[in-house]
Amino acid sequence: MDLRYTDAVPSDAEREAVDALLGSPPSGWEGGTERTDEDLRWARGGAAAAKDRRDQLLPALHTVNDRVGWISEGALNYICRRLTVAPAEAYGVATFYAMFSVRPRPAKVLHVCTDLACAARGSAAVSADLTDRLGPPGTPAEGAVWQESPCLGLCERAPAALLLQAGPEAPSGPDGTAAGDAPRHCAVVAPATAPALVAAARSPRDAPAEPSAAVAVPQAGDPALVLLRRVGTVDPESLDDYRATGGYSALRRAFALGPAGVIREVLDAGLVGRGGAAFPTGRKWQATAQQADGPHYLVCNADESEPGTFKDRVLMEGDPYALIEAMTIAGYAIGAQQGYIYLRGEYPRAYERLSRALTGARTRGLLGPDVLGQGYAFDIEIRRGAGAYICGEETAIFNSIEGQRGEPRSKPPFPVEKGLFGKPTAVNNVETLVNVLPILEHGAAAYAATGTETSTGTKLFCVSGQVARPGVYELPFGANLRELLDLAGPPERLRAVLLGGAAGGFVRPDELDVPLTFEGTRAAGTTLGSGVVLVLDDSVELPRVLLRIAEFFRDESCGQCVPCRVGTVRQEEALHRIVDRTGAAADEDIALMREVGQAMRDASICGLGQTAWNAVESAIDRLGVYK
């Protein structure tokens, strides 16, 4: 593909898709088919216009990919003219994300997860069988192409696959669809088998419907649940159901308290971020609210890409109005009038549920220029990611929304000072935000009465791997790992538990009494992370698990900083060399990995490189995997 403006033109379908998002071209300079006399007298655009519209680059790439299945040179050319973006920059963005392709491919793309949880449940056998039936990954067959994928966030039903069929959003022909132009469709096949995947590739609409989100919550219906209490008990698409079960009582109390009062409650409750960093949420909101510069923004990080993490998906699919109410409260507290949900591109059902919920909230005056008649204006926009683990980092989200490559920024300045669009921004993940509701409904003291002194409230845990009942579990902070595994049904011959995901650490079977709190796991030399609990029995070959972790980090490194870009490659190379070695035969490479791992930890820009060595190190030191 040429990295400058060319004479390549978009197809009618590509042009229509872009125009549906951006509107018709206002002039011949911005993609119109002809230049009028007025166009020739006035050349509008330039740097200011490009800056104003750059944030539409990712949505424009999505709309073409959704419509056609890939991004052609003509489509990219047209998007660049519409947004006044240099083709080389747009190409750099389009090729940054795994879900986009700038090479021709079929409209149906089958993503088969081969990450940790799916590997523990047999994804290798599924991939091998699929190769026999359809050919190697990347080979077009049955009108589709399949490819191996990192974690899809469907770990409770592993092994899992996601089929995305590009096409028009609505029926376009007189009989429903035009010939050869099937409408867009998504299908989840989980647990996946090769025959089921082949059938789904042939006819996506005949694939079995996804089960309710409640299937992912083994405790569904338990009256002790706080964050998951509505999942499986109310219709997630009904605003009336949500309000009938206490919905929007927290927002009414927020208006009664005022912004400073809301922040005070959150501070007194001791709420800390649930993404892994455990930063006090109230302090983040306070620092954002105090900034004189404006406007202020709120960003919900719904890009949970840590392998083994799926709790935010379950919340968004099972209780979408809870997130919208919580974001409205957060926006009110920090003085924001605009919020963004940065959502994983691999979560089509969550996108659909949230989109409907946003429409419902606007219709009932719960979003918009006068929320609940209180004179407060707030609205929320969903921005989809497109397959990049690094975009779970808060500053990488800013770049992604702004239409740049999703690379982290150096800090300081911190987001509360200069975040999205260079303005003060608070970033919280889904679980953190939803915790605000019980704080305001029952008061800070009642909330803080659950858990421990420094880890208050309840926590969601994503239990996957070789357990009898995988899913999302909600427990008060302070419960231990053994209690959690007893609920999920541990294997008879437990080998290890990976806490915190690929960026976390392993614990041994004799360490199951570790308390599940931020301070407890830290004292035990591991991490709670985002709540991943991957259970492995003794049938698993740990060196190959470590190799998969290393492959993941090498593949997901954005390549911006040298320690991470080079270190993740060297780590993977060393693990390949010792995959079948033990003892002295592995010593030299283990020493090399320690040196490389320390360099990544000390000198990488963001958490990806800083934590890429954690799980491997813990497996060597705690499990003695190469002895």
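Surface composition of region 390-548: carbon plus sulfur atoms hold 52% of the accessible area, using a 1.4 angstrom probe and ignoring ligands, DNA and RNA. Rounded if a/c is under 1.5, else prolate if a/b is larger than b/c, else oblate: which is region 510-627, with a ≥ b ≥ c the root eigenvalues of its Cα gyration tensor? Here region 510-627 falls in the oblate category. For region 276-391, a crude dipole built from +1 on the beta carbon of Lys and Arg and -1 on the beta carbon of Asp and Glu, taken about the Cα centre, is about 80 debye to the nearest 20. To the nearest 10 Å², what's S355's accessible area with a 1.4 Å probe? The value for S355 is about 40 Å².
Average accessible surface for the chain: 38 Å² per residue, computed with a 1.4 Å probe over protein heavy atoms with every protein chain in place. Shown in residue order for region 140-151 are the 3J(HN,Hα) couplings computed by the Karplus curve 6.51 cos²θ - 1.76 cosθ + 1.60 at θ = phi - 60°: x, 7, 6, x, 9, 9, 10, 8, 6, 9, x, 3 Hz (x for Gly and Pro).
Scanning residues 5 or more positions from N480 or on other chains, those with amide H under 5 Å from its amide H are L516, with H placed 1.01 Å from N in the peptide plane. Contact order for region 195-302, expressed relative to its length and based on alpha carbon pairs under 8 Å spaced 6+ residues apart, stands at 10 percent. Between region 444-485 and region 78-126, what is the separation of their alpha carbon centroids in Å? Here the two parts' Cα centres lie 35 Å apart. For R384, the residues whose amide H sits under 5 Å from its own are L343, ignoring neighbours fewer than 5 places away on the same chain, with H placed 1.01 Å from N. Across region 241-246, rounded Karplus estimates of 3J(HN,Hα) from the backbone phi angles (6.51 cos²θ - 1.76 cosθ + 1.60, θ = phi - 60°) give 4, 4, 5, 5, 10, x Hz, Gly and Pro being marked x.
In a fully extended conformation the segment linking A199 and A8 would gain 65.1 nm over its present Cα-Cα distance, using 0.36 nm per residue. Taking amide hydrogens as placed 1.01 Å from N in the peptide plane, the amide H of V272 sits under 5 Å from those of T281, T456, each at least 5 positions away in sequence or on another chain.
For the chain, the alpha-carbon radius of gyration amounts to 0.96 times the rule-of-thumb value 2.2 N^0.38 Å expected for a compact globular protein. Normalised by the number of residues in region 318-387, the average gap of Cα pairs under 8 Å and 6 or more apart makes the relative contact order 42 percent. C462 contributes about 0 Å² of solvent-accessible surface, heavy atoms of the protein only, 1.4 Å probe. Inter-label distance, R493 to E38: 7.8 nm, where each label sits 7 Å from its Cα along the C-beta direction. For the residues D52, D240, D19, a 1.4 Å probe over the protein chains yields an accessible-area ranking, largest first, of D52, D240, D19. The heavy atoms of W146 present about 0 square angstrom of accessible area, all protein chains included, probe 1.4 Å.
If R₀ is 60 angstrom, what is the calculated FRET efficiency for the pair S539 and E169, using the beta carbon separation as r and rounding to 0.05? Given R0 = 60 Å and the Cβ-Cβ separation, E is 0.85. Is the shape of region 388-482 rounded, prolate or oblate, going by the alpha carbon gyration tensor and its root eigenvalues a ≥ b ≥ c, with a/c under 1.5 for rounded and a/b larger than b/c for prolate? The shape class here is oblate.
At a Cα cut-off below 16 Å, give the aspartates and glutamates reachable from K459, other chains included and same-chain residues fewer than 8 away excluded. In chain and number order, the partners are D222, E304, D312, E431, E474, E483, E519.
Short-range pairs are left out: with C-alpha atoms under 8 Å and at least six residues apart, the relative contact order of region 218-268 is 17 percent. Taking other residues whose beta carbon is less than 14 angstrom from the beta carbon of G258, and scoring Lys, Arg as +1 and Asp, Glu as -1, yields +2.
When DSSP beta bridges are restricted to pairs lying wholly in the chain, around 50% turn out antiparallel.
Under 28 Å of direct C-alpha separation, and excluding same-chain neighbours fewer than eight residues apart, K411 reaches these lysines: K51, K284, K423. Taken over region 21-172, the percentage of Cα pairs per 5 Å bin, counting from 0 up to the bin with the maximum distance, is 2, 9, 15, 16, 15, 13, 10, 8, 5, 4, 2, 1, 1, 0. Ordered by solvent-accessible area of protein heavy atoms (1.4 Å probe), largest first, the residues F553, F414 come out as F414, F553. Taking all protein chains together and a 1.4 Å probe, the residues H185, H62 rank H185, H62 from largest to smallest accessible area. What is the diffusion coefficient of region 282-383 in µm²/s, taking the Kirkwood radius over Cα pairs and the Stokes-Einstein relation at 20 °C with a viscosity of 1.002 mPa s? My calculation gives 151 µm²/s for D.
The values are calculated or read from the model by the stated rules, or taken from the named source; none is laboratory data. Being a predicted model, the structure only gives us computed values, none of them experimental. Every residue, glycine among them, receives a Cβ derived from its backbone with ideal geometry; neighbour counts consider all protein chains shown. The protein model used for the area step is the full one, side chains on, heavy atoms only, and it has no ligands, DNA or RNA in it. Shrake-Rupley method; radii C 1.70, N 1.55, O 1.52, S 1.80 Å.
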